[in-house]
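Data block below; observations after.
The values are calculated or read from the model by the stated rules, or taken from the named source; none is laboratory data. Note that the structure is predicted; figures quoted are calculated from it, not measured. Neighbour counts are summed over all protein chains in view; Cβ atoms, including those assigned to glycine, are modelled from backbone coordinates with ideal geometry. All accessible areas refer to the heavy atoms of the entire protein, side chains included, with ligands and DNA or RNA removed. Shrake-Rupley method; radii C 1.70, N 1.55, O 1.52, S 1.80 Å.
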Amino acid sequence: MLERSHGDLAEPGVAESAVAGEEVVVHAAARIGVVRCEEEPLLALRSNVLATTLVARACAAHGARLAYVSTADVYGAVAAADEDTPPAPASLYALTKWWGEQTARLYAPERLPILRIANPYGPGVETAQGKGALPTMLQQAERGERIPAFRGEARSWCWIGDVARAIRLVLESGEDGVFNIGSDADPLALTDAARLACEVAGASPELVEEVDPPPGRVTPRIGVERLRALGWRPEVGLEEGMRLLLESSRQAA
């Protein structure tokens, strides 16, 4: 598995070296987050489009199968979306991921799965960086800090272990095309998720404060019937996952 320390995939030759000798490449490297991409648009384009172009070209040159990790944000401002829902990106972040899908299809179309992931969470995410809502909420609850929660927003989160199992299952199935990956459970309001973070961390729910969301944020409820047809089921519920996440963060501290 490659990490940032191995090099910048947008630099010439890095993707070629990374892909050489590999049979399957899961390309998950990206600049994520609506606010973070708006703040640094050139970095968003470099990370999400240029790097993907070079990875896809390298995969084609070396005969490696590419699996591109995208986001359900590409569906835009819709209440619900399955794999047949036309993409309509509503933010620069979503647009760059959609362009990433297109360049993957252009250069490495053979047996290509597009994995549109919705609201994954788990250990290893930097907090308070415009990404990782649940880790950030748990950290704020642990510290007794104010917990801003976007008013009127609800999500269905999916534990990262369940996401990883889904990706592996898609790859082992040999199928290609678009797969939604995430929980299809009833969405939970962010304010309720923040209160759950307080409960798990033993903090006061009075820390939760409703705030207006930034423009461009979309949280469609995704259909995962195609994934479920392969035998996938989520195994970790939200409360259990948040407790695992808190335990992991405490061990890392």
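The order of the peptides 101-107, 221-227 by mean Cβ neighbours within 10 Å, most packed first, is 221-227, 101-107. Working from label points 7 Å from Cα in the Cα-to-Cβ sense, the Arg111 to Ala60 distance is 1.8 nm. If one puts a single equal scatterer on every Cα of the stretch 103-253 and applies the Debye formula without solvent, what log₁₀ I(q)/I(0) results at q = 0.18, 0.20 Å⁻¹? Result of the Debye calculation: -1.07, -1.22. In a fully extended conformation the segment linking Glu16 and Arg36 would gain 4.4 nm over its present Cα-Cα distance, using 0.36 nm per residue. With all protein chains in place and ligands, DNA and RNA left out, the 1.4 Å accessible area ranks His62, His6, His27 as His6, His62, His27, largest first. Considering helices alone, the calculated mean residue ellipticity of the chain at 222 nm is -12000 deg cm²/dmol, with DSSP H runs of length four and up weighted by -39500 (n - 2.57) and normalised per residue.
Taking amide hydrogens as placed 1.01 Å from N in the peptide plane, the amide H of Val25 sits under 5 Å from those of Arg65, Leu66, Ala67, each at least 5 positions away in sequence or on another chain. Beta bridges per DSSP, both residues in the chain: antiparallel share near 10 percent. The Rg/Rh ratio for the stretch 45-99, using Cα coordinates for both the radius of gyration and the Kirkwood hydrodynamic radius, is 1.05. Taking only alpha carbon atoms, the stretch 13-137 gives an Rg to Rh ratio of 0.98, where Rh is the Kirkwood radius. Size descriptors for the stretch 1-71 (Cα atoms only): Rg and Dmax, in that order, 12.1, 37 Å. Over all other residues within a Cβ to Cβ distance under 14 Å of Glu110, the charged ones net out to +1, with Lys and Arg as +1 and Asp and Glu as -1.
The modelled label-to-label distance between Asp8 and Gln102, using points 7 Å beyond Cα along the C-beta direction, is 2.4 nm. The residues of the stretch 112-208 expose, per residue, 41 Å² of accessible area to a 1.4 Å probe. Shown is the FRET efficiency for Ala252 and Glu23, computed with R0 = 45 Å from the Cβ-Cβ distance and rounded to the nearest 0.05: 0.85. As a size descriptor, the averaged projected area of the C-alpha convex hull of the chain was calculated at 13.0 nm².
For the chain, with all protein chains in place and a probe radius of 1.4 Å, 51% of the accessible heavy-atom surface sits on carbon or sulfur. Summary of packing: across the peptides 188-200, 144-156, 88-100, the per-residue average of other C-beta atoms within 10 Å ranks them, highest first, as 88-100, 188-200, 144-156. Contact order, relative form, for the stretch 147-253: 43 percent (alpha carbon pairs under 8 Å, 6 or more residues apart, mean separation divided by residue count).
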